[in-house]
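Worksheet for the structure shown next.
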Amino acid sequence: MAGVPFEAVERLCTPATSAAGRELLLRRDEFSNAKAEVEEILRSRTHGLSKELFRAWHKAIRSGTAPPIADPPSRAFAACWNRASKLANAEAHFDQCLQRELKTAREALLDSARTILPPYLVFAAKGLHERLSRQSSSVLGALPPRNKSERAHERTMLLYLQRICAKNDSLSAFGPGGWGKIGKRISLTLTPAS
């Protein structure tokens, strides 16, 4: 039977990056809400801020950067400062997770491409067999740099791998899933090629 267990694709998952991404989106939303509240206070003209502090907060809100370090005069300013700090931490955590898990996922993808894909690439794009054999002969552990071409190639390998893991491929080096003829008397004649 053609096909590969789905575990080959599971090796490519990035759970920590996914969790960090959800956290980052939450923190961005919280900061956006806090920023909108501060913008409303600054527009009201009854904010009670000194001219310098008003300009500093206005500039921070307009540019999307962290608010100025000063004792905030109200709850909204304190919340904005707190949310900006949490957003910066979430961005740093996301970047760390992404760098760590991306390397692991790329290594697993290239390993699967070298060991699993070749027999299934009967109808693959021109040059894919050669590229896979070149990669398997390269030094193990040395990932190629991620440029536009390499990302496109990795995406193609991932789609092929996903297909053979999720679907019993009917056309591969292993032959068709089944060719035959069914007669009127419900007799089945199979003629598999050896």
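Here are the numbers for the structure shown:
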item	result
Selection within the range 7-23 - of a type in the set (A, V, I, L, M), under 30 Å from I61 (Cα atoms) and out of contact with any Leu (no Cβ under 8 Å at 6 or more places or on another chain)	A19
Residues satisfying the stated conditions in the range 1-35, i.e. closer than 24 Å to A108 by Cβ and either hydroxyl-bearing (S, T, Y) or not in a helix (DSSP H, G or I) (or both)	M1, A2, G3, V4, P5, F6, R11, L12, C13, T14, T17, S18
The range 19-53: number of residues that are loosely packed, with under 15 Cβ neighbours inside 10 Å, over 20 Å from A88 (Cβ atoms) and not β-branched (V, I, T)	8
All helices (runs of 4 or more DSSP H) inside the range 75-194 with 2 or more residues being open to solvent by less than 50 Å² (accessible area, probe 1.4 Å), under 26 Å from S18 (Cβ atoms) and at pLDDT 65 or above	75-115, 148-166
Filter result for the condition that a residue is of a type in the set (S, T, N, Q) and closer than 23 Å to L159 by Cα, over S18, S44, S50, S32	S18
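The values are calculated or read from the model by the stated rules, or taken from the named source; none is laboratory data. Small disclaimer: the values here were computed from a predicted structure and weren't measured. In this analysis, Cβ positions are derived from the backbone assuming ideal geometry, glycine residues included, and neighbour counts consider all displayed protein chains. Surface areas here come from the heavy atoms of the whole protein model, side chains and all, with no ligands, DNA or RNA. Shrake-Rupley method; radii C 1.70, N 1.55, O 1.52, S 1.80 Å.
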